[in-house]
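> Below: one structure in structure tokens.
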Amino acid sequence: MVDAATPLWEVFIRSRNGLAHKHAGSLHAADATLALQAARDLYTRRGEGLSLWVVPSSAITASDPADKGMMFEPTASKIYRHPTFYEVPEEVGHM
Amino acid sequence: MYTQALNANPDADTRDLEDAAQLARFEARVADEERIEPNDFMPAAYRRTLTRQISQHAHSEIIGMQPEGNWITRAPSLRRKAALLAKVQDECGHGLYLYAAAETLGTSREELVEQLLSGKAKYSSIFNYPTLTWADIGAIGWLVDGAAIMNQIPLCRCSYGPYARAMIRVCKEESFHQRQGYEIMLTLARGTAEQKEMAQDALNRWWWPSLMMFGPPDAASSHSDSSMRWKIKRFSNDELRQKFVDATVPQAHFIGLTLPDPDLSFDAAAGHWRYGTIDWEEFKQVIAGNGPCNRDRMATRRKAHEDGAWVREAARAFAEKRAATKTAAAA
Ligand SMILES: [Fe+2]
Ligand SMILES: [Fe+2]
């Protein structure tokens, strides 16, 4: 018999102060307290972090890969957003 | 990001309605070394192959805790005990990273676990051999983890992103496993005559089953072609097996142990150690459930799962009660 489902959580770790929390992986837990304890056991056995976030996976809204073109393509055509688009004489030096 | 929060995906079968253009785009992306992520289009066969491979890999890590767990309470020193405990805990972690990666393909954790417990899913043949003496713990770390590493390093470049990322984590942790095993063997090999004999006996029993871990010979292997094209696999079974033999033989010689293969010889021209014939009938039997410990491993796993049922139920009930209290307070 297949067990009842236990919610899925996403785990984020800050490896040192000054760095952002980074996605480390997922786990299943009944509630936030258990998720945090499991995250500690599962993802920080070798001093990987100083701070943990656990987020219910269902709380994340993701962009659809099928919309990739519509979402991200326009930036490729807007090259004037990059510093290399502009010409500054060499004599001016680094800018 | 593993955002498939759905524990079971009802339209898993309709999602891969394949049109030729989509298929061609997928093949081109893979050929181009692009990574495939959970919500991307993938052919149904790619999804099926990966679900099977990753979940079998996860099951192997979980069942793999048993042969070594058998010696935790009898480790010869506190140093060895702490290392073994940490190693077995790592193997559990590997199983859980891998289940999470498999779930992103649309099969729920509960279903995957059920496939193991019902005997529908397979796990690595190696874990159906018994650990008779302490030297077996050395042999497992050195040979079994050594073979696993050979297999897993190329998987870090697997075309499926979540699997590749899980493998990177796993590989970082594996090297301690192999080194602690080799250190045990080295210590025994340099110990009393009796200790050396124990190390040799363990090597004799684990050598051939370790070679079988790489799977059937290339000529007989059924899944390889598409796995290679899809960049799930980077090397064939025989190629990986040869790499393992070449790496391991000198390590055995260094500690003065003899490999239990009268046909083993160095092919100087090719730069490879040539090994004798593997008993594939034994492999078939172990996979079919007739190895020395298959029944025991499954019975232990099922019992552990059943014994934990009340904990899972209590945690769920508590979470539901807390959620209800919160809603009531907010109302
Ligand atoms: Fe492992
Ligand atoms: Fe390991």
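> Taking segment B:266-303, which residues are of a type outside the set (F, W, Y), exposed (fewer than 13 other Cβ atoms within 10 Å of the Cβ) and closer than 27 Å to B:H253 by Cα?
B:D267, B:A268, B:A269, B:A270, B:G271, B:T277 - these are the residues of segment B:266-303 that are of a type outside the set (F, W, Y), exposed (fewer than 13 other Cβ atoms within 10 Å of the Cβ) and closer than 27 Å to B:H253 by Cα.
> How do the pairs read when you match residues in segment B:110-135 that are within 23 Å of B:Q285 (Cα to Cα) with residues anywhere that are among the aromatic types (F, W, Y), using Cβ under 8 Å and keeping only pairs 6 or more apart or on different chains?
Going by the 8 Å Cβ cut-off, the qualifying pairs are B:L116/B:Y123; B:S125/B:F283; B:Y129/B:W206; B:T131/B:W71.
> A further question follows. Mind checking which pairs have a first residue in segment B:57-77 that is without any contact (Cβ under 8 Å) to a residue 12 or more places away in the chain and a second that is within 13 Å of ligand 2 (Cβ to nearest atom), Cβ under 8 Å, 6 or more apart or different chains?
none
> Which numbered condition in (1) in contact (Cβ under 8 Å) with a residue 24 or more places away in the chain; (2) at the interface with chain B (Cβ under 8 Å from one of its Cβ atoms); (3) of a type outside the set (D, E); (4) not in a loop (DSSP other than H, G, I, E, B) is the only one that A:G25 fails?
All conditions are met except number (1).
> Working only within segment B:164-202, note down all residues that are touching a helix residue (DSSP H, G or I) at 6+ places or on another chain (Cβ under 6 Å), more than 14 Å from chain A (Cβ to nearest Cβ) and not polar (S, T, N, Q).
Within segment B:164-202, B:G181, B:Y182, B:I184, B:M185, B:L188, B:A189, B:K196, B:M198, B:A199, B:A202 qualify.
> I need the full set of residues from segment B:133-172 which are within 14 Å of ligand 2 (Cβ to nearest atom), of a type in the set (V, I, T) and within 23 Å of B:E103 (Cβ to Cβ), in order please.
B:V170
> Give the residue, chosen from B:E174, B:E197, that is free of Cβ contacts under 8 Å to residues at least 12 places away in the same chain and either in a helix (DSSP H, G or I) or open to solvent by 10 Å² or more (accessible area, probe 1.4 Å) (or both).
B:E197
> Continuing with the same structure: Would you confirm whether any residue within segment B:89-106 is away from chain A (no Cβ under 14 Å), away from ligand 1 (no atom under 14 Å from the Cβ), in contact (Cβ under 8 Å) with a residue 24 or more places away in the chain and not in a helix (DSSP H, G or I)?
Checking segment B:89-106: not a single residue is away from chain A (no Cβ under 14 Å), away from ligand 1 (no atom under 14 Å from the Cβ), in contact (Cβ under 8 Å) with a residue 24 or more places away in the chain and not in a helix (DSSP H, G or I).
> Taking only segment A:35-73 into account, find how many residues are away from chain B (no Cβ under 11 Å), open to solvent by less than 60 Å² (accessible area, probe 1.4 Å) and modelled with pLDDT under 90.
1
> Consider segment B:86-132. How many of its residues are among the basic types (K, R), open to solvent by 10 Å² or more (accessible area, probe 1.4 Å) and within 16 Å of ligand 2 (Cβ to nearest atom)?
The number of residues fulfilling the criteria is 0.
> Further question: For segment B:149-163, which residues satisfy the criterion of being within 16 Å of ligand 1 (Cβ to nearest atom) and within 13 Å of chain A (Cβ to nearest Cβ)?
The one that is within 16 Å of ligand 1 (Cβ to nearest atom) and within 13 Å of chain A (Cβ to nearest Cβ): B:Y163.
The values are calculated or read from the model by the stated rules, or taken from the named source; none is laboratory data. Remember, it's a predicted structure, so these values are computed and weren't measured experimentally. Neighbour counts run over all protein chains shown; Cβ positions are idealised from the backbone, glycine included. With ligands, DNA and RNA removed, areas are computed over all heavy atoms of the protein, side chains included. Shrake-Rupley method; radii C 1.70, N 1.55, O 1.52, S 1.80 Å.
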